[in-house]
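Worksheet for the structure shown next.
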Amino acid sequence: MTAVTIQCCAPIAREPLAEHEAAELAVLLKAVADPVRLRLLSMIGSHAGGEACVCDLTGAFDLTAPTISHHLKILRTAGLIDGERRGTWVYYRIVPETVTRLGALFAPLADPAPASGAPVEVEFVST
């Protein structure tokens, strides 16, 4: 019998997190654990041009501007978004490295598909 060895588990299921790593990731998870903040993160990330003006975000919620600012501050403090003031408005964009780190915590390891016609390396284990 021949078997193919594939790593299938997300990093969180492969090995225990170190204490400092768990503390860092908990800050990110706490930041996105609120539905308003999760929606804001999604709206910013999917906005045309990769950044969104706060003026484009506030209308989507039945919340006051100071409340939206509070949620944006939490996302910014966690390192998930960054902002730049342009005149009266602040424009926000996702910090890709931080969002990728958060997503990678739960994503199974998978190598990208090889280019068409490229050789594929596979480890076979015989029993």
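The values are calculated or read from the model by the stated rules, or taken from the named source; none is laboratory data. Computed from a predicted model, the values in this text were never measured in an experiment. Cβ sites come from the backbone with ideal geometry, for glycine too, and all protein chains shown count toward neighbours.
Some notes on this structure:
- Qualifying residue in region 77-89 (condition: within 17 Å of residue 38 (Cα to Cα) and more than 17 Å from the chain's Cα centre (by Cα)): no
- Those residues of region 34-49 which are surrounded by fewer than 17 Cβ atoms within 10 Å (Cβ to Cβ) and not in a helix (DSSP H, G or I), in sequence order: 34
- Candidate set from region 82-127 (those that are of a type in the set (Phe, Trp, Tyr) and either surrounded by 10 or more Cβ atoms within 10 Å (Cβ to Cβ) or closer than 24 Å to residue 47 by Cβ (or both)); member that is modelled with the lowest pLDDT: 106
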